[in-house]
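Some notes on the structure that comes next.
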Amino acid sequence: MRNTTKTLLICATAASAIASSAIAEGELNLYSSRHYDTDERLYSDFTDLTGITINRIEANADELIARMQAEGANSPADILLTVDTSRLERAKNAGVLQSIDSEVLEARIPSSLQDADNQWFGFSQRARIIFYDKTEVTNPPMDYVSLADPAYEGMVCHRSSTNVYSQTLLSAVIENHGVEAATEWAQGFVNNFARDPQGGDTDQLRGLVSGECDISISNTYYFARALRKDVDGLNAEALANIGWIFPAQNAEGAHMNLSGGGVAANAPNLDNAIKFMEYLASDQAQQYFSAGNDEYPAVPGVGLSPSVAALGLFRPDAVDLTAVAQNVGQAQEIFNQVGWE
């Protein structure tokens, strides 16, 4: 019995040490699916300002959400950062986030860019806009609906239906125009494909350069990045022949993709987690989202980097992104129906 008691005491002491480490003042455990090297500056600046050390685990969003579910009440995660509203909503529905009270976040983040239950908040945005080859297209589509016009048959490139950017765009069309109109639009869009859906957003821009397509859709930060620094296949000469349209400026406005985060349901460092969320909404961090990764800040009035500002002023779609995220299932049904692979 003495040996058993001693063993139990050792195990209890070890468990206590692990728990103590997890809640140690000055630490934050971050689960992130943002894959940008430039985010290192966000983390180091936060540590410099607060003295809080950030421990990171990086993987894709689905893996991180599944991990947090499996870890349950013992999860060391304090924050989940990811890209796209649908993934943030998926994390909420999976029960891995919690509601938080923060006057800072409530005041600085527009209501359309935050969860109604304060379980997630958006911190940066990308406009999903139309790009075209100026040497081939003299009358580019001015809105998303026009991308289904037979006049553009065989001219359009886009990503696959399994990509969240495709899913969220169609989900927004459903929210703005209804299921029937969205289905007709998706079918017309598929009819206009120049090639089978493939690759990432940079590949859609490269398709314009190679001549595989004359019109494509991409998030702005891919193009802005190419304006700022060399990107393979997108040199200055190639970019000079690419024009862009912020769609639907006389209608709903340009569709926006959101990057954001939430506090983990069982966050062991809750106060530090809220501090980090509030830091991401600060002017310093918001300016760096634009300067470091060519994104649009979520907080109104924050200055843009030159490469982002060069794209020009536009009116974004102010649709409730929570409602858009809830249409993803319907969007997938439409993709299957129209043969968008």
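Observations, loosely collected:
- Residue within region 86-100 that is among the acidic types (Asp, Glu) and under 18 Å from residue 281 (Cα atoms) present: no
- Only one entry of 334, 245 meets the criterion of being surrounded by fewer than 22 Cβ atoms within 10 Å (Cβ to Cβ) and either within 30 Å of residue 213 (Cα to Cα) or among the β-branched types (Val, Ile, Thr) (or both), and that entry is 245.
- When residues in region 115-144 are screened for being within 23 Å of the chain's Cα centre (by Cα) and touching a residue at least 40 places away in the same chain (Cβ under 8 Å), 17 of them pass.
Results for (1) part of a strand (DSSP E or B); (2) of a type in the set (A, V, I, L, M, F, W, C); (3) more than 20 Å from residue 162 (Cβ to Cβ), shown as yes or no for each residue.
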{"site": "183", "(1), (2), (3)": "no, no, no"}
{"site": "189", "(1), (2), (3)": "no, yes, no"}
{"site": "209", "(1), (2), (3)": "no, yes, yes"}
{"site": "243", "(1), (2), (3)": "yes, no, yes"}
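- Filter result for the condition that a residue is more than 19 Å from residue 168 (Cβ to Cβ) and either in contact (Cβ under 8 Å) with a residue 40 or more places away in the chain or β-branched (Val, Ile, Thr) (or both), over 263, 179, 190: 263
- Looking across region 33-43 at every residue that is of a type in the set (Ser, Thr, Tyr) and either outside any loop (DSSP other than H, G, I, E, B) or closer than 16 Å to residue 287 by Cβ (or both), the one that is modelled with the highest pLDDT is identified as 43.
- In region 317-331, the count of residues that are farther than 17 Å from residue 131 by Cα, at pLDDT 95 or above and not in a helix (DSSP H, G or I) is zero.
- Test: residue in region 196-219 that is touching a residue at least 60 places away in the same chain (Cβ under 8 Å), surrounded by 19 or more Cβ atoms within 10 Å (Cβ to Cβ) and under 30 Å from residue 99 (Cα atoms): yes
- So residue 276, is it open to solvent by less than 10 Å² (accessible area, probe 1.4 Å), modelled with pLDDT of 95 or more and within 20 Å of the chain's Cα centre (by Cα): yes
- Flag if residue 154 is without any contact (Cβ under 8 Å) to a residue 12 or more places away in the chain and either closer than 19 Å to residue 133 by Cα or open to solvent by less than 30 Å² (accessible area, probe 1.4 Å) (or both): no
- Identity of the residue in region 221-235, within 21 Å of the chain's Cα centre (by Cα) and of a type in the set (Lys, Arg), that ends up most open to solvent (accessible area, probe 1.4 Å): 228
- Residue among 281, 238, 331 that is over 30 Å from residue 192 (Cα atoms) and in contact (Cβ under 8 Å) with a residue 24 or more places away in the chain: 281
- Taken together, the residues in region 286-341 that are under 30 Å from residue 45 (Cα atoms), of a type in the set (Gly, Ala, Ser) and more than 15 Å from the chain's Cα centre (by Cα) amount to 9.
The values are calculated or read from the model by the stated rules, or taken from the named source; none is laboratory data. Keep in mind the model is a prediction, meaning the values are calculated, not measured. Cβ: placed from backbone, ideal geometry, glycine included. Neighbour counts: every protein chain shown. Accessible surface is based on the protein model in full, side chains and every heavy atom, while ligands, DNA and RNA are left aside. Shrake-Rupley method; radii C 1.70, N 1.55, O 1.52, S 1.80 Å.
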